[in-house]
Amino acid sequence: MTRQNKLVVGLMLTLSISIIRIGMGYFISVAGPILLHLADNVGVSVGTVSYIFVGGSIGVVIGSIFGAVMRRRMNPKFRHLYTFGFAAFLLGTTSPVVPFIKSLWLLFLIYLIGGIVYGYLDAGLQALILKLWNEKSSRSHIQLFHFTYSIGAFAAPLIAKQMQEMYGDIPSTSASKCQHQKIENSSLASRPYLNSTVDNTSMIEVDDRGLRWTYYTLAIWVLPVSILMMFLAYNDVEEKILRFNREKSSNSGSTIVRDDPFKDVVFILIAVAGYYFCSVGMETVFYSFIYSVTFCSDLGFTPAQASYANSLVWLGLGIGRLSGVVFAKRVQPRTIVFCCIAGTTIDSFIMSVFGEQTALVTWIVAFTHGLTTSTLYPAGVSWLSQVTNVSGAYMFIFNLGSAFGSLTMLPLAGHLFDKNPFNTIHLVLALSVSNGVFFALALLAARFFKQKVQKKALKMTNQDKTSTENDFMMPRDRD
């Protein structure tokens, strides 16, 4: 395989992964701006409909574990691109069903399936990148992998807003549940089905074509690339890239990767799981509820303004992750994590204190929070990879912590939202502070682990030195 052919094949595979990743970001992000619509469809409160996030998080755990088992048990020559293509096809065919579901449990089931697909693709595609390109060469690919997610997440609120405006699809009964919004000061006051006196039990027929096309867009985006992924698998692209990289590494020499026993790194992994529990829980709560918080609080944002605020979060995330491609090569991961934790704590504190009274603060924090959370995930992966090898057996720790963070924090945020929308921002602040505590514990555990490794290496060196001296002295002893 020539270098030019490898470049073309690699670009095709990278493009396919990026398109799928954009769709994954869209699927996760779109639940925020249409959460009130989903509550309308199934006739429950925002807090109750938030249980769909539990289904998604459970699915992520199942999908991640299933993917790890498959990679361990399947033949090494098995073409995983087939399964990635099928998973993307499943995501594209099940998502358009969401607008037609009128049962909470069916909606829960759909998001469970979507979570399984997401977890499998998230862990599997990252493992594929690390497999095809070694740890050092794959850094840019991993950064691109996380950046493309933010593209889909950024586009979802804008597309949802455009579809709502095009078809006049505004939530009715859910809007009446926003007791804290002053609708009389809103541009929506003229819409009778947004009046707060509407009975929650009476469903007013609203054109839901906007909600349908919000999900149809995802299917149109994902389905073609699922077929392309299967086409690449049929042409054995994975093996071609692997063969080329093996030849390249054999010419330049290979590096030795240390695999540390689980008992030696268990405390580090526990602290890292806590770190991802808090960081991802904080991110998903803010990203999923910022639309509903701004729309239903005393700020009285219109649906269009709430969508812009939601997209502003993802814009900050995208800019942060794109800049991370540059800074990750020049700044230590530990420094990046410190800056991110400090930033998230400061901006969530400011929004908790001043955001409910001042709309400008909310606009600013919407952007800065996306910016400061952007590199928490990839920087954490880079930091842990400096301590121990995570490309194999320990890859599960990231999805484990993040999935349980979403699993528990999103329903809690939903119930807090029902009492006061800005309670979710207070939860974000608490998670940001806890995130700093867990990272400090991870640093402490890593310090003890490194000392243990150094002592073990020194002991082995002394044993080898003593053995060499004994071998040298043996002939003299015989004389």
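The values are calculated or read from the model by the stated rules, or taken from the named source; none is laboratory data. All values derive from a computational prediction rather than experimental measurement. No Cβ is skipped: glycine too gets one built from the backbone with ideal geometry, and neighbour counts run over all protein chains shown. Just so you know, the surface numbers come from the protein's heavy atoms only, side chains and all, with ligands and any DNA or RNA stripped out. Shrake-Rupley method; radii C 1.70, N 1.55, O 1.52, S 1.80 Å.
Observations on the model:
- Rounded to the nearest 10 Å², the accessible area of residue 448 at probe 1.4 Å: 130
- Solvent exposure ordering (accessible area, 1.4 Å, most first) of 296, 339: 339, 296
- Gained length - residue 459 relative to residue 216, 0.36 nm times residue gap less alpha-carbon distance: 81.2 nm
- Accessible area of residue 236 in the full protein assembly, 1.4 Å probe (Å², nearest 10): 40
- Probe 1.4 Å, all protein chains present, accessible-area order of 433, 225, 44, largest first: 433, 44, 225
- For the range 278-391, the Cβ-based charge dipole about the Cα centre amounts to some 540 debye (Lys, Arg positive; Asp, Glu negative; other atoms uncharged).
- Rough spin-label spacing in nm, given labels placed 7 Å along Cα→Cβ, for residue 338 and residue 86: 4.8
- Calculated FRET value between residue 12 and residue 386, using beta carbons and R₀ = 35 Å, to 0.05: 0.65
- Residue-level accessible surface for residue 165, protein heavy atoms, 1.4 Å, Å²: 110
- Note on the range 1-120: with charges restricted to the Cβ of Lys and Arg (+1) and Asp and Glu (-1), its dipole about the Cα centre is near 760 debye.
- Residues 230, 282, 70, ordered by accessible area of protein heavy atoms at a 1.4 angstrom probe radius and largest first, appear as 230, 70, 282.
- Remark: spin-label model distance residue 443-residue 236 equals 5.0 nm, labels positioned 7 Å along the Cα→Cβ axis.
- Whether the range 18-157 is rounded, prolate or oblate, judged on the alpha carbon gyration tensor where a/c under 1.5 counts as rounded: prolate
- Per residue, the range 83-126 exposes an accessible area of 34 Å² to a 1.4 Å probe, with every protein chain left in place.
- Nearest-0.05 FRET efficiency for residue 270 and residue 354, computed from C-beta distance (R0 41 Å): 0.70
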